[in-house]
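A.B. asks: Handing you a structure now.
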Amino acid sequence: TVDFCSACLSGACKAAGDLTRAAYLTPSTPEEEAGKTEAAERYYALIRSALESALSAGGGKGVLDFALAKTALAALLHLFSGRRDVVAGELGQRLVWLENFLFCANPDTRDLVACVLGELAADMPL
């Protein structure tokens, strides 16, 4: 489902004049705020569900589905770049959970989660 939503988002960006995902997800008028925020929140819920599914059963350290983790983390970075307000607060509370992805054998997945953690760190107060 994350692949499908990412493809839909890419199509919508292209149809809107080749906007970046971040620009497309950012409301440009107060009238767009509610709709785009709801869409971003639903997209985030799908991403979070996919990441939970990618982890091994029992919540232990380890990734069971590398491809799903990579796809979901890439989508998370795109969403984070456009709607920090939707993602950062909740993810900041789940740092230990995100740490599970650092133990992945797949280097692409480790790189992506390191980028997510870096984005979160950049938002934290000193």
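The values are calculated or read from the model by the stated rules, or taken from the named source; none is laboratory data. Here the structure is a predicted model, which is why all the values come from computation and not from measurement. Positions of Cβ are backbone-derived with ideal geometry, glycine not excepted, and every protein chain shown enters the neighbour counts. Ligands, DNA and RNA are excluded from the accessible area calculation, which covers all protein heavy atoms including side chains. Shrake-Rupley method; radii C 1.70, N 1.55, O 1.52, S 1.80 Å.
A.B. asks: Return one whole number: the accessible area per residue of the chain in Å², for a 1.4 Å probe.
C.D. replies: Accessible area per residue, the chain: 54 Å².
A.B. asks: Which of the peptides 105-111, 43-49 is most tightly packed, and how do the rest follow, judged by the mean count of other Cβ atoms within 10 Å per residue? Can you show the working numbers first?
C.D. replies: Numbers: 105-111: 14.3, 43-49: 17.9.
Packing proxy ranking, top to bottom: 43-49, 105-111.
A.B. asks: What number does segment 60-126 give for Rg over Rh if you use C-alpha atoms and the Kirkwood radius?
C.D. replies: 0.95
A.B. asks: Mean Kyte-Doolittle of at least 0.5 and a Cα length of 18 Å or more along the axis: which whole DSSP H helices of the chain meet both?
C.D. replies: Numbers: long enough: 2-15 (19 Å, 1.02); 30-54 (36 Å, -0.72); 66-82 (24 Å, 1.45); 107-123 (24 Å, 0.38).
Counting only whole DSSP H runs, the qualifying helices are 2-15, 66-82.
A.B. asks: For the chain, which whole-number percentage of the solvent-accessible area (1.4 Å probe, protein heavy atoms only) is attributable to carbon and sulfur atoms?
C.D. replies: That fraction is 60 percent.
A.B. asks: May I ask for log10 I(q)/I(0) of the chain at q = 0.21 Å⁻¹, from a Debye sum over the Cα atoms as equal point scatterers with solvent left out?
C.D. replies: -1.23
A.B. asks: A further question follows. Cut-off 19 Å, label point 7 angstrom out along Cα-to-Cβ of Asp85: give me the residues of segment 22-59 whose amide nitrogen falls inside.
C.D. replies: 22-45
A.B. asks: With +1 on each Lys and Arg Cβ and -1 on each Asp and Glu Cβ, how big is the dipole of segment 17-126 about its Cα centre, in debye rounded to the nearest 20?
C.D. replies: Roughly 320 debye for segment 17-126.
A.B. asks: Hey, another quick one. How high is the relative contact order of the chain? Use alpha-carbon pairs under 8 Å, at least six apart in sequence, and give a whole percent.
C.D. replies: Here the relative contact order equals 24 percent.
A.B. asks: Separate question: Any idea what the relative contact order of segment 11-84 is, in percent, if you count C-alpha pairs under 8 Å spaced at least 6 apart?
C.D. replies: It rounds to 35 percent for segment 11-84.
A.B. asks: Continuing with this model, one more query. Work from the charge dipole of the chain (Cβ charges, +1 for Lys and Arg, -1 for Asp and Glu, about the Cα centre) and give the residue of Leu25, Leu76, Ser53 farthest towards its positive end.
C.D. replies: The listed residue farthest towards the positive side: Ser53.
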